[in-house]
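To start, the structure under review is shown below, and the notes come after it.
The values are calculated or read from the model by the stated rules, or taken from the named source; none is laboratory data. Quick caveat: nothing in here was measured; it's all calculated off a predicted structure. For neighbour counting, all protein chains shown are included, and Cβ atoms are generated from backbone atoms with ideal geometry for every residue, glycine included. For the accessible areas, the whole protein counts, side chains as well, though only heavy atoms, and no ligand, DNA or RNA atoms are used. Shrake-Rupley method; radii C 1.70, N 1.55, O 1.52, S 1.80 Å.
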Amino acid sequence: MLKGAVVGCGFFADNHLNAWREVPGVEIVALCDTDTVRLTGAAAKFAVPATYRDIDAMLADEKLDFVDVATGPATHRLLVEKVAAAGVAVICQKPVALTLADAKAMVAACDAAGVTFMVHENFRFQRPLRAVKAALEEGVIGEPFFGRVSFRSGYDIFSGQPYLATEERFIVADLGIHVLDVARFLFGEVSRLTASTCRVNPDIRGEDAATALMQHEGGVMSVVDCSYTSYRAKELFPQTLVEIDGSAGSIVLDADYRLTVHARGGETVVSDVDAPVLPWAARPWHVVQESVRATEAHFAECLASGREPATSGHDNLKTYALVDAVYRSAAGPLATVSPAV
Ligand code: NAD
Ligand code: 89V
């Protein structure tokens, strides 16, 4: 049995704790939060025996196989480095850090300590997006040459996560990081990109819409776009839509998780690739919630087998480099930049 602890018992940690209960071979034995009310509330709800307000005390007292860091990004580097120094494996929520330099330092610290480091980048673990990947790998559409990964919503994200309204870097760092990772997952590494961002909502500090045009090393050109300020007749939060054109057909992941795979001159297969609503989950978050369980299960399986996680710290640096490149491109005159790690 892997013994784990969760640090940060805020808004999203509820999903982590619900999901950990469903991951075979894992037991959450301790919680840590600087906020006593959140800490005791989560411990009572999930029957976790040990609680700490300080990670140092927890690492000194508990014998842990892993720590799950679910605090906000400003604290990730310090917490991950402490866990690594204690010789314990770590999974950390996205965005892994506030800067690429911090993210690199965290990866280096985990390497030096010889501990497994995974980033909780859950979008590529979403069932609909895995169905797109599987369809792509089947090869029915031939060689892909165009892709679009799109997340556009008017959902009030600030109601659950009010701190997002005051972030200097908002949508690309918080949400764009997911869609950029999905583009890497589907189309491979990016050799260059150009991007624009804008702020539409006057009540927030950062940008709330972004569009990037990317060239992937394997030949696909993609458009990645995200917005938290798009008011459609049908609100699709938190759906990521995908379009892929290939030399012999197309794949479209449409509204309400409808996947259409069309082979040129041949058949069209339409399927429902929605995720199940887990007993503790609720629409419209259910696909995200199910992906949290899949992400955690992957981490546990990697710890048990010694395999490198798909979204290891090293892998996630490449996604973080895209975030960085989007901001760099958007800050200057329309420019092509290289997402160098
Ligand atoms: P939150 O502010 O609601 O919760 C963070 C918690 O961490 C708070 O309870 C706070 O008291 C605690 N905390 C802060 N510093 C601490 C420290 N040093 N030691 C112990 N506890 C500390 O934030 P949230 O909305 O739950 O977001 C947490 C993370 O999850 C963020 O990185 C966010 O981007 C990410 N997130 C991911 C998804 C996803 O789909 N992957 C969705 C939502 C949020
Ligand atoms: O906060 C996030 O990571 C967002 C969402 C709320 C959609 O999960 O991606």
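Take GLU301 and decide whether it is out of contact with any Ser or Thr (no Cβ under 7 Å at 6 or more places or on another chain) and within 16 Å of ligand 1 (Cβ to nearest atom).
Answer is no for this residue.
So which of VAL115, VAL107 is in a loop (DSSP other than H, G, I, E, B) and over 14 Å from the mean Cα position of the chain (by Cα)?
Just one listed residue meets the conditions, VAL115.
Is one or more of the residues making up segment 37-56 within 22 Å of the chain's Cα centre (by Cα) and charged (D, E, K, R)?
no
Answer yes or no as to whether LEU136 is open to solvent by 10 Å² or more (accessible area, probe 1.4 Å), aliphatic (A, V, I, L, M) and touching a residue at least 12 places away in the same chain (Cβ under 8 Å).
Against the criterion (open to solvent by 10 Å² or more (accessible area, probe 1.4 Å), aliphatic (A, V, I, L, M) and touching a residue at least 12 places away in the same chain (Cβ under 8 Å)), LEU136 qualifies.
Return the residues of segment 139-167 that are within 17 Å of THR260 (Cβ to Cβ) and touching a residue at least 12 places away in the same chain (Cβ under 8 Å); say none if nothing qualifies.
Those that are within 17 Å of THR260 (Cβ to Cβ) and touching a residue at least 12 places away in the same chain (Cβ under 8 Å): VAL140, ILE141, GLY142, PRO144, PHE146, GLY147, ARG148, VAL149, SER150.
Let's see how each residue does on (1) free of Cβ contacts under 8 Å to residues at least 60 places away in the same chain; (2) over 15 Å from PHE151 (Cα atoms); (3) of a type in the set (Lys, Arg):
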{"residue": "GLY206", "(1), (2), (3)": "yes, yes, no"}
{"residue": "VAL223", "(1), (2), (3)": "no, no, no"}
{"residue": "THR240", "(1), (2), (3)": "no, no, no"}
{"residue": "ALA281", "(1), (2), (3)": "no, yes, no"}
{"residue": "VAL288", "(1), (2), (3)": "no, no, no"}
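Filter segment 275-319 down to residues that are assigned to a loop (DSSP other than H, G, I, E, B) and either surrounded by fewer than 18 Cβ atoms within 10 Å (Cβ to Cβ) or among the hydroxyl-bearing types (Ser, Thr, Tyr) (or both), then give me how many there are.
Residues in segment 275-319 being assigned to a loop (DSSP other than H, G, I, E, B) and either surrounded by fewer than 18 Cβ atoms within 10 Å (Cβ to Cβ) or among the hydroxyl-bearing types (Ser, Thr, Tyr) (or both): 14 in total.
Since GLY147 meets every condition but one in (1) within 16 Å of ligand 2 (Cβ to nearest atom); (2) in a strand (DSSP E or B); (3) under 27 Å from LYS234 (Cβ atoms), which condition does it not meet?
Single failed check for GLY147: (1).
Specify the residue that is nearest to PHE12 (Cα to Cα); the eligible residues are those in segment 95-104 that are open to solvent by 30 Å² or more (accessible area, probe 1.4 Å) and not in a helix (DSSP H, G or I).
LEU98
Anything in segment 213-230 that is over 18 Å from the mean Cα position of the chain (by Cα) and either open to solvent by less than 20 Å² (accessible area, probe 1.4 Å) or over 17 Å from ALA331 (Cα atoms) (or both)? List them, or say none.
Across segment 213-230, the qualifying residues are MET214, GLN215, HIS216, GLU217, GLY218, GLY219, VAL220, MET221, SER222, VAL223, THR229, SER230.
Could you check how many residues of segment 158-211 are under 23 Å from ALA97 (Cβ atoms), of a type in the set (Phe, Trp, Tyr) and surrounded by 24 or more Cβ atoms within 10 Å (Cβ to Cβ)?
Looking only at that region, the number is 1.
Looking only at segment 237-249, filter to residues that are open to solvent by less than 30 Å² (accessible area, probe 1.4 Å) and assigned to a strand (DSSP E or B); which one of those is nearest to ligand 1 (Cβ to nearest atom)?
It comes out as VAL242.
Here is a yes/no grid of residues against (1) at pLDDT below 95; (2) over 30 Å from PHE151 (Cα atoms); (3) in contact with a helix residue (DSSP H, G or I) (Cβ under 9 Å, 6 or more places away or on another chain):
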position: ALA43; (1), (2), (3): no, yes, no
position: LEU59; (1), (2), (3): no, yes, yes
position: GLN93; (1), (2), (3): no, no, yes
position: PHE125; (1), (2), (3): no, no, yes
position: ARG130; (1), (2), (3): no, no, yes
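Restricting to segment 103-132, what's the tally of residues that are closer than 18 Å to ASP68 by Cα and not hydrophobic (A, V, I, L, M, F, W, C)?
Looking only at that region, the number is 6.
Looking for whichever is of a type in the set (A, V, I, L, M), within 16 Å of ligand 1 (Cβ to nearest atom) and outside any loop (DSSP other than H, G, I, E, B) here; the options are LEU136, LEU129. Which one fits?
Of LEU136, LEU129, the one residue that is of a type in the set (A, V, I, L, M), within 16 Å of ligand 1 (Cβ to nearest atom) and outside any loop (DSSP other than H, G, I, E, B) is LEU129.
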